[in-house]
Each structure stands twice: as structure tokens, then as C-alpha cells.
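Read through the structure below, which is laid out as C-alpha cells, and then see the notes.
The values are calculated or read from the model by the stated rules, or taken from the named source; none is laboratory data. Quick caveat, the model's predicted, so the values are computed rather than measured. Reconstructed Cβ throughout: ideal geometry from the backbone, glycine too, with neighbour counts over all protein chains shown. With ligands, DNA and RNA removed, areas are computed over all heavy atoms of the protein, side chains included. Shrake-Rupley method; radii C 1.70, N 1.55, O 1.52, S 1.80 Å.
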Amino acid sequence: LLESEATSSVESDGGFILSRFGYDLSRAQSISVPLSPGSVDPTLLLVISGQTFTYSLNDDNLVLQNGGTGTSDQLNSSETSVSDVSFLRLEGGEGGKDVVQMSFTLTSEVTQRSGKDVTTFQTTAGIR
């Protein structure tokens, strides 16, 4: 890969993960883990349409498991690795809706002249 491709893989993976997280939270009925406001967990458990969806780190990959179908999807590409995943449950905003802050770091698998591209992403999303 070229240096620009290494950077873009971190950016595109980060963008995809942030979008998926926001989408899943917007359609969730409840958050099982983290349990209460102020608690932080490396795993996020959501209930969507009666099914449990789990975000977790597995061998430097962020994996989304669907408890209803038993399927697992890796959310980052093979060109990046994921670390420092955390989910912070916050006090609900107006109407008491549950809110979660997600933070994670992506590292390119390609070493550039300046080293590996390492970027930390953070976003907050809530149940609608």
C-alpha cells in the first residue's frame, strides 16, 4: 500500500465504525452494558428488535455479534487494527434517553516512513 492508502484505510474504517455505532444506537430499545450512567466497559450490549447486539474487541479487531442470528461481523478492514475500545454510558438527555460515548484507536497495518498511522476516534450517540 502507498502511504496515502494507509492513511485512508484508517480514516475510512474509522468513519464506517462511527456510522455503524450511530445507526445501531438510533434503533436500539435498550443498553444492557455498560450498566449505569458513569460506567465504562470495553463491551457494548444493545437490544435491537428484541435481539442482543454486542460490540467487542477480538484479536485487535472490532467485532459486532448478532445474538439473534449468531453471526459476527468484523467492522474494521484487514488493513487496520483496533485498540483502546471503551464505551462510557452517560446520563440520558432530554426525555431520559440512553446515551453512550464510544472511543477507539485505529492503527494502520502498513508502516510509513513516518511510522504507522495511529488515530483515535470518539463519538457520542443515543437511543431515539
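Miscellaneous remarks
- Among the strands (runs of 3 or more DSSP E) confined to segment 25-117, the ones with at least 2 residues that are at pLDDT 95 or above are located at 44-48, 51-58, 61-66, 71-74, 80-90, 99-112.
- Close pairs (7 angstrom Cβ cut-off, 6 or more residues apart or separate chains): free of Cβ contacts under 8 Å to residues at least 12 places away in the same chain and surrounded by fewer than 14 Cβ atoms within 10 Å (Cβ to Cβ) in segment 21-49, of a type in the set (D, E, K, R) and part of a loop (DSSP other than H, G, I, E, B) anywhere: none
- Flag if R128 is touching a residue at least 60 places away in the same chain (Cβ under 8 Å), within 19 Å of the chain's Cα centre (by Cα) and open to solvent by 40 Å² or more (accessible area, probe 1.4 Å): yes
- Only listed residue being among the hydroxyl-bearing types (S, T, Y), touching a helix residue (DSSP H, G or I) at 6+ places or on another chain (Cβ under 7 Å) and either under 20 Å from G15 (Cα atoms) or surrounded by 15 or more Cβ atoms within 10 Å (Cβ to Cβ) (or both), chosen from S77, S86: S77
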